[in-house]
Amino acid sequence: MKKFMGLMEKYLMPLAMKMASNRHLNALKDGFVYTMPFLIIGSFVLLLVNLPFRDVNTPLYMKWYDNLMTAYKANLVQPFYVSMGIMSVFVAFGIGSSLATQYKLNGTTGGFLSLFTFLLTAAKLEWAPIGGYQAAELLGNNDYLLNTFHQGSGWMPIMDARYLDAKGLFTAIVGAFISIEIFRLLVSKKMTIKLPDSVPPAIAKSFELLTPIVAVILVFHPISLLVQKSREIFIPELLLEMFRPLVSASDSLPAVIGILLVVHILWFAGLHGVNVVVAIINPIILTNLATNQAALQAGEKATKVLAGGFLDAFVYLGGAGATLGLAIAMFLSKKDHIKSIGKISLIPGLFNINEPIIFGAPIVMTPILFVPFIITPIINATIAWFAVKSGLVGHIVSLVPWTTPSPIGALLATNFSMGALILSVLLIGLSVIIYYPFLKVYEASLDREEAMELEAVKAD
């Protein structure tokens with residue numbers, strides 16, 4: 001174990017520290033954090049209009065709900081389309097704002113510059129003919145829109161929104177990084193427009209952005225046009241093609257196990273493993289979630305396993321290491337101070353907050369507890385993976401706040417799959433069973449230490 005710890009301190013810790021302090025990774029993490037409230041609400045709206053109550057062949061069928069969705073689903077789902085449906089817009093602004101702030105630039109200005117860059121490359125404006133058949137086809141026979149845009153015939157501007165959802169995430173990330181670096185370079189070289197101090201700050205800041213906007217246009221627009229002409233695709237499609245092998249490979253059990261190993265080794269070393277890794281995996285799990293949601297909306301079968309809150313629902317039961325199982329085992333202990341740690345950790349653990357037990361047990365730097373801390377989430381992930389793949393448990397189709405108790409979160413995230421609820425409860429029980437023998441060994445080691453200390457006192 002000492003040799004292992006030495007290797008971690010020599011090789012892994014410096015790398016992890018660099019990742020944790022990296023501006024771009026922190027900006028990436030912040031961008032998704034800012035976006036999460038919108039995505040959670042949008043996901044719940046999607047669930048509410050796709051509840052499993054419309055199949056007449058099941059006992060869950062509700063006629064009133066079926067009639068309601070038949071009449072109004074298209075209107076009720078709108079909050080989903082302007083949240084999950086344009087998530088890349090939020091991410092682009094969030095990343096740009098965070099990265100600009102870290103460079104001590106104006107965050108709002110950086111956010112808008114990043115958003116402009118994304119829209120420039122991902123949202124092409126087209127003019128659609130409006131009149132007669134075309135109007136009816138494009139506007140869905142909506143009388144209000146037809147009367148608004150069709151007074152005989154004409155044209156209506158339409159922005160291509162196909163890449164504003166998860167398909168545009170990689171474009172939003174790359175565009176935000178490059179545009180803010182351009183912004184930083186121009187500011188450092190004093191190549192921005194500076195107005196006198198007498199000018200109101202808001203106006204001065206707006207003029208400061210003129211030069212970066214021009215630079216962004218000169219850099220990104222020719223590239224976008226070149227890609228469209230040579231490949232007959234848009235930049236988001238090109239980036240999706242480049243990252244598709246990575247996204248596909250990530251939705252596999254070995255990839256999940258690899259992620260869990262990195263997260264929990266970092267935790268054992270005293271670093272917040274999830275915070276280090278989340279910035280890297282968020283684009284992947286949200287892309288997979290969007291794929292599952294599109295399938296749900298279309299009435300098709302979801303296919304992605306590592307999506308949304310899969311880890312929260314079935315793996316991080318009580319937090320990293322599935323430590324709710326350890327909290328329960330400690331609560332049942334006959335040793336007073338172990339039992340007290342279990343009592344303190346149990347309630348936070350129900351809401352996936354496990355710092356009290358990680359640093360109170362402690363798990364960090366305790367070799368006896370390191371083994372179950374590593375193997376428990378891997379076992380949970382393996383069981384859950386095959387359960388989802390086999391159809392025993394529903395796929396993740398919604399985002400749920402990570403502080404939601406895991407069984408409830410699993411139920412909501414899978415569109416009320418009772419199998420998910422049962423599996424999450426069973427995995428918590430399994431976590432208790434795995435941790436229990438290691439806890440007993442840990443208690444025995446504490447007893448030996450106490451006995452040795454007592455003997456030393458007597459000898460003195």
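Observations, loosely collected:
- In terms of packing, defined here as the mean over residues of other Cβ atoms within 10 angstrom, the peptides 218-225, 256-263, 196-203, 281-288 line up highest first as 281-288, 256-263, 218-225, 196-203.
- Under 14 Å, Cβ to Cβ, from residue 235 - net charge with Lys/Arg +1 and Asp/Glu -1: +1
- Peptides ranked, highest mean first, by Cβ atoms within 10 Å: ranges 88-94, 109-115: 88-94, 109-115
- Aspartates and glutamates whose Cα lies under 14 Å from that of residue 189, excluding same-chain neighbours fewer than 8 positions away: 181, 208
- Reachable lysines, given that their alpha-carbon falls under 18 Å from the alpha-carbon of residue 63 and they are not under 8 places away in the same chain: 73
- Listed pairs 229/304; 18/301; 29/339; 167/389 exceeding 30 Å between Cα atoms: 229/304; 18/301; 29/339
- Phi angles across the stretch 397-412 convert, under the Karplus curve 6.51 cos²θ - 1.76 cosθ + 1.60 with θ = phi - 60°, into 3J(HN,Hα) values of 10, 8, 8, 10, x, 5, 7, 5, x, 3, x, 5, x, 5, 4, 6 Hz, Gly and Pro given as x.
- Each residue of the stretch 211-225 was assigned a 3J(HN,Hα) from its phi angle through the Karplus curve 6.51 cos²θ - 1.76 cosθ + 1.60 (θ = phi - 60°); the sequence is 5, x, 4, 4, 4, 4, 4, 5, 7, 8, 5, x, 4, 4, 5 Hz, with glycine and proline shown as x.
- When you restrict to C-alpha pairs under 8 Å that are six or more residues apart and normalise by the size of the chain, the relative contact order lands at 14 percent.
- Residues whose amide H comes within less than 5 Å of that of residue 156, counting only those at least five positions distant or on another chain, are 128, 130 (H built at 1.01 Å from N in the peptide plane).
- Near the amide H of residue 400, within less than 5 Å, lie the amide hydrogens of 309, all on another chain or at least 5 residues away, with H placed in the peptide plane.
- Per-residue packing, averaged as other Cβ atoms within 10 Å, sorts the ranges 71-77, 121-127, 233-239 into the order 233-239, 121-127, 71-77, beginning with the highest.
- Helix-only mean residue ellipticity at 222 nm for the chain, each DSSP H run of n ≥ 4 adding -39500 (n - 2.57), per residue, nearest 500: -22500 deg cm²/dmol
- If you sort the three axes of the alpha carbon gyration tensor as a ≥ b ≥ c, you get a/c of 1.5 or more for the stretch 254-459 and a/b above b/c, which makes it prolate.
- Couplings for the stretch 112-123, taken from phi via the Karplus curve 6.51 cos²θ - 1.76 cosθ + 1.60 with θ = phi - 60°, read 5, 5, 5, 5, 4, 4, 5, 5, 4, 9, 10, 10 Hz in order; Gly and Pro are left as x.
- Convex hull (Cα only) mean projected area of the chain, reported in nm² to one decimal: 31.4 nm²
Read the figures in this text as sums done on the coordinates, not as results from a lab. The model shown is predicted, which means the values in this text are computed figures rather than measured ones. Please note: Cβ atoms are built from the backbone with ideal geometry, for glycine as well, and neighbour counts cover all protein chains shown.
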